[in-house]
1. For segment 57-79, state whether one or more residues are over 22 Å from residue 112 (Cβ atoms) and either within 16 Å of the ligand (Cβ to nearest atom) or modelled with pLDDT of 80 or more (or both).
2. Filter segment 20-36 down to the residues that are more than 12 Å from the ligand (Cβ to nearest atom), modelled with pLDDT of 75 or more and touching a helix residue (DSSP H, G or I) at 6+ places or on another chain (Cβ under 8 Å) and list them by number.
3. Looking at 82, 54 in this structure, which one is within 30 Å of residue 22 (Cα to Cα) and at pLDDT below 80?
4. Can you tell me which residue in segment 85-100 is farthest from residue 43 (Cα to Cα), limited to those that are at pLDDT 85 or above and out of contact with any strand residue (DSSP E or B) (no Cβ under 9 Å at 6 or more places or on another chain)?
5. In segment 55-84, how many residues are outside any loop (DSSP other than H, G, I, E, B) and in contact with a strand residue (DSSP E or B) (Cβ under 8 Å, 6 or more places away or on another chain)?
6. Condition first: in contact with a helix residue (DSSP H, G or I) (Cβ under 7 Å, 6 or more places away or on another chain) and more than 21 Å from residue 6 (Cα to Cα). Now tell me which residues in segment 40-61 satisfy that.
7. Enumerate the pairs (first residue in segment 4-27 and closer than 18 Å to residue 46 by Cα and without any contact (Cβ under 8 Å) to a residue 40 or more places away in the chain; second residue anywhere and more than 10 Å from the ligand (Cβ to nearest atom) and outside any loop (DSSP other than H, G, I, E, B)) with beta-carbon separation below 8 Å, excluding pairs fewer than 6 apart on the same chain, so at least 6 apart or on different chains.
Ligand SMILES: [Zn+2]
């Protein structure tokens, strides 16, 4: 069985040449292992973080909440941070449970879009 052809996050076209596929990160799925994120080498700077999670954080910031997002991908953290930091969105890099264990801040709510709450004992979150 052949591996699926990755799709570019920026242009949404298949990346037929494996040497042209740049791995940008991994997003957890709501009910499965998730998926890897790729982009054509020429489109790396056009690829952004997942628009659903990004919009959720931005919407919270617009409502007066001080949201913090945690992502496994350093590239996605960089891109989302550059875009949404002016609104007050804080984006951190790391595995969420390790990140929360090391963070001293207190949160009114913890919300998972991509899997931490699905695959983790809620008591640990
Ligand atoms: Zn592309």
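The values are calculated or read from the model by the stated rules, or taken from the named source; none is laboratory data. Small disclaimer: the values here were computed from a predicted structure and weren't measured. Glycine gets a Cβ as well: all are built from the backbone with ideal geometry, and neighbour counts include every protein chain shown.
1. So the first thing to find is which residues in segment 57-79 are over 22 Å from residue 112 (Cβ atoms), and the list is none.
No, the conditions are met nowhere in segment 57-79.
2. Within segment 20-36, 25 is the sole residue that qualifies.
3. Working: 82 fails: at pLDDT below 80.
One residue alone meets the criteria, 54.
4. 98
5. To start, the set of residues in segment 55-84 that are outside any loop (DSSP other than H, G, I, E, B) comprises 55-62, 68-71, 74-84.
Then drop every residue that is not in contact with a strand residue (DSSP E or B) (Cβ under 8 Å, 6 or more places away or on another chain), which leaves 57, 68-71, 74-77, 80-81, 84.
Residues meeting the conditions: 12.
6. Our first condition is that a residue be in contact with a helix residue (DSSP H, G or I) (Cβ under 7 Å, 6 or more places away or on another chain); within segment 40-61, this holds for 40-41, 48-49, 54, 57-58, 61.
Answer for segment 40-61, where residues must be in contact with a helix residue (DSSP H, G or I) (Cβ under 7 Å, 6 or more places away or on another chain) and more than 21 Å from residue 6 (Cα to Cα): 54, 57, 58, 61.
7. That search, which allows pairs on different chains as well, returns 6/36; 9/24; 9/37; 23/36; 23/37.
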